[in-house]
Amino acid sequence: MDHRSVPVDRRPVPVDQRLRHLLRTGRKASGRLSQKSAAQRAGISPVYWQKIESGMQQTAPAGTLAVMCMAAGITAGQLRDAGYAEIASAADELSALAAVPVTPEEYLAATPDATPEEITALQAVWQALRAKRTADPFGPELRSTSRRDQTDR
């Protein structure tokens with residue numbers, strides 16, 4: 001099997017109080033991130049992050065929780081130590097995928113109608129992943145494009 005097509009774990013995992021506390025603690029230790037900033041890093045909606053962290057969302061896919069933990073600076077080892085083996089495994093899978101040298105264009109092959117702005121955003125995200133940091137995929141490139149679009153109307 002091609003290592004680029006490793007599926008990320010989508011099985012629902014219970015979100016208990018200890019995991020919510022771990023997310024809050026990790027978020028605050030990672031530069032005192034707000035829920036909104038952490039959600040942007042993770043690529044999920046701030047509302048979904050808030051629901052998980054507050055306990056309104058009782059389960060979530062292991063892959064989603066892994067992305068959230070990674071955005072909050074929580075390592076797979078810390079997850080294992082805390083008893084979250086499924087989430088730790090999903091985090092390991094995501095880390096392995098991020099390390100694969102793939103061009104943004106290869107990922108866009110699955111989305112043939114991508115706009116130039118989407119390609120630029122995707123390139124920024126993959127460059128950030130390769131550099132082991134997170135980028136705002138809706139950064140200056142798209143904001144300036146949006147302003148141009150508005151002035152063209």
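The values are calculated or read from the model by the stated rules, or taken from the named source; none is laboratory data. Worth saying up front: this structure is predicted, and the values here are computed from it rather than measured. Cβ sites come from the backbone with ideal geometry, for glycine too, and all protein chains shown count toward neighbours. Ligands, DNA and RNA are stripped out before the accessible areas are found, and what is left, the full protein with its side chains, is counted by its heavy atoms. Shrake-Rupley method; radii C 1.70, N 1.55, O 1.52, S 1.80 Å.
Summary of computed values
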{"quantity": "Pick from region 42-53, criterion in contact with a Ser or Thr (Cβ under 9 Å, 6 or more places away or on another chain) and touching a residue at least 24 places away in the same chain (Cβ under 8 Å), ranking: surrounded by the fewest Cβ atoms within 10 Å (Cβ to Cβ)", "calculated": "Gly43"}
{"quantity": "Filtered residues of region 70-93 (kept if open to solvent by less than 40 Å² (accessible area, probe 1.4 Å), among the β-branched types (Val, Ile, Thr) and farther than 18 Å from Ser34 by Cα)", "calculated": "Ile87"}
{"quantity": "Tabulated pairs, region 21-41, first over 17 Å from Val67 (Cβ atoms), second assigned to a loop (DSSP other than H, G, I, E, B), C-beta under 7 angstrom, 6+ apart or interchain", "calculated": "Ala29/Gly73"}
{"quantity": "Filter result (hydroxyl-bearing (Ser, Thr, Tyr) and open to solvent by less than 40 Å² (accessible area, probe 1.4 Å)) within region 16-32", "calculated": "Ser30"}
{"quantity": "Verdict on Val67 being aliphatic (A, V, I, L, M), without any contact (Cβ under 8 Å) to a residue 40 or more places away in the chain, within 18 Å of Ala90 (Cα to Cα) and open to solvent by less than 70 Å² (accessible area, probe 1.4 Å)", "calculated": "yes"}
{"quantity": "Residue among Ala76, Ala72, Ala85 that alone is of a type in the set (Gly, Ala, Ser) and touching a residue at least 24 places away in the same chain (Cβ under 8 Å)", "calculated": "Ala72"}
{"quantity": "Hits in region 54-64 - residues which are open to solvent by 30 Å² or more (accessible area, probe 1.4 Å) and either closer than 10 Å to Ile87 by Cα or not hydrophobic (A, V, I, L, M, F, W, C) (or both)", "calculated": "Ser54, Gln57, Gln58, Thr59, Pro61, Thr64"}
